[in-house]
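Note sheet for the following structure.
The values are calculated or read from the model by the stated rules, or taken from the named source; none is laboratory data. Note that the structure is predicted; figures quoted are calculated from it, not measured. When we count neighbours, we look across all protein chains shown, and the Cβ atoms used for this are built from the backbone with ideal geometry, even at glycine.
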Amino acid sequence: MRQYIFSAFFIAFFILCNISTAETVTNTATGYIDLDNTVDNIVYSFNPKIGGTATIKIIIRDKDGAIRRTVTKKYSMSDTHIYIYNNKPGEIAIFEAGDLGGQEKTTYYYKYNIMMKDWFLSKAISESMDNMEYRMYYDFQYYPGTQAIDGTVIDIKNASTETKNERALRLQQEFSSIYNEMESLYKSKKLSSSKKTFCDEKEIAEIIYNVPINNKNVENYNNLGFFMGKTTNNLQCGLYILQYIIDKVPERTPAYINIGDIYNNLGEKEHAKENYKIYVKQMKKEGNGMKIPNRILESID
């Protein structure tokens, strides 16, 4: 499941613009940005101008070097971080952020339309960090696939769209695939030694956004957060799931011990202790005080 996202095909580049200079900065990236199973190239040039706009020129070439598409985009100088990458086959992602002190960031995803032979905006993910709570927040916006990467708008009949129900079904299947693989590794006692990244935080956030946590599926979500907490490369994903669970179902007692364990693994001892205390309080309230592990009681003394 989703191994291609984190494989060698995920090649990206990051440009931090220095607004004190007007020199053009150029980088390249490669990836499967269309659907012909050959590696394509992107040349990305950024020309900052003090106090005005910045011009970004994107040149998409095929494996033989022939130009497939040239795009020129204008940005205000508040957009000083630009990061373009190939997230998965047939997709170009453009990450944009404000100045160094800015908290909010947005990634725009353009999917390849075979009939139109161009990339069209399919979704945008905005993210912000709450440093006090040590957590990320995400917001999702979906588009009908009518706006090309250069801003051109096409007729809706030529758009490649996915309905809300189709998207929810696809993401439910992705959830099940991740869950089943991690559960299998856990049962075979191989999960803790796994170095695999099963998903990133944006992916799990999108799953939760489209397949909301409720009383029927909360146990599966809790289990997935628990599984991720047993690995080394999925801790933030697990933490995101479990924090979202207690937002929606605060009486879900097992989530607090799982959150505490992940914080411990991240070296956040005080956050771990806070969640262990809530876990102990709710276990006692439920009449399960005798079932509280000694390690938890010792950690909050």
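Structure summary
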| read-out | value |
| --- | --- |
| Candidate set from the stretch 275-287 (those that are in contact with a helix residue (DSSP H, G or I) (Cβ under 8 Å, 6 or more places away or on another chain) and not aromatic (Phe, Trp, Tyr)); member that is surrounded by the most Cβ atoms within 10 Å (Cβ to Cβ) | Asn275 |
| Candidate set: the stretch 198-211, residues that are assigned to a loop (DSSP other than H, G, I, E, B) and at pLDDT 95 or above; chosen: the one surrounded by the most Cβ atoms within 10 Å (Cβ to Cβ) | Phe198 |
| Matching residues, the stretch 212-233, being under 23 Å from Leu266 (Cα atoms) and in a loop (DSSP other than H, G, I, E, B) | Lys230, Thr231, Thr232, Asn233 |
| Hits in the stretch 215-238 (condition: surrounded by fewer than 20 Cβ atoms within 10 Å (Cβ to Cβ) and under 12 Å from Tyr186 (Cα atoms)) | Asn223 |
| Failed item, numbered, when Gln236 is tested on (1) part of a helix (DSSP H, G or I); (2) under 23 Å from Tyr256 (Cα atoms); (3) modelled with pLDDT of 95 or more | (3) |
| The stretch 124-163 - residue that is in contact (Cβ under 8 Å) with a residue 40 or more places away in the chain and outside any loop (DSSP other than H, G, I, E, B) and, of those, surrounded by the most Cβ atoms within 10 Å (Cβ to Cβ) | Ile125 |
| Residue match in the stretch 178-187 (condition: surrounded by fewer than 18 Cβ atoms within 10 Å (Cβ to Cβ) and among the polar types (S, T, N, Q)) | yes |
| When residues of the stretch 78-91 are limited to those that are part of a strand (DSSP E or B) and modelled with pLDDT under 90, the one nearest to Asn37 (Cα to Cα) | Tyr85 |
| Filter result for the condition that a residue is β-branched (Val, Ile, Thr), assigned by TED's automatic domain parsing to the domain that holds Gly90 and either touching a strand residue (DSSP E or B) at 6+ places or on another chain (Cβ under 7 Å) or under 28 Å from His271 (Cβ atoms) (or both), over Ile156, Ile149, Ile178 | Ile149 |
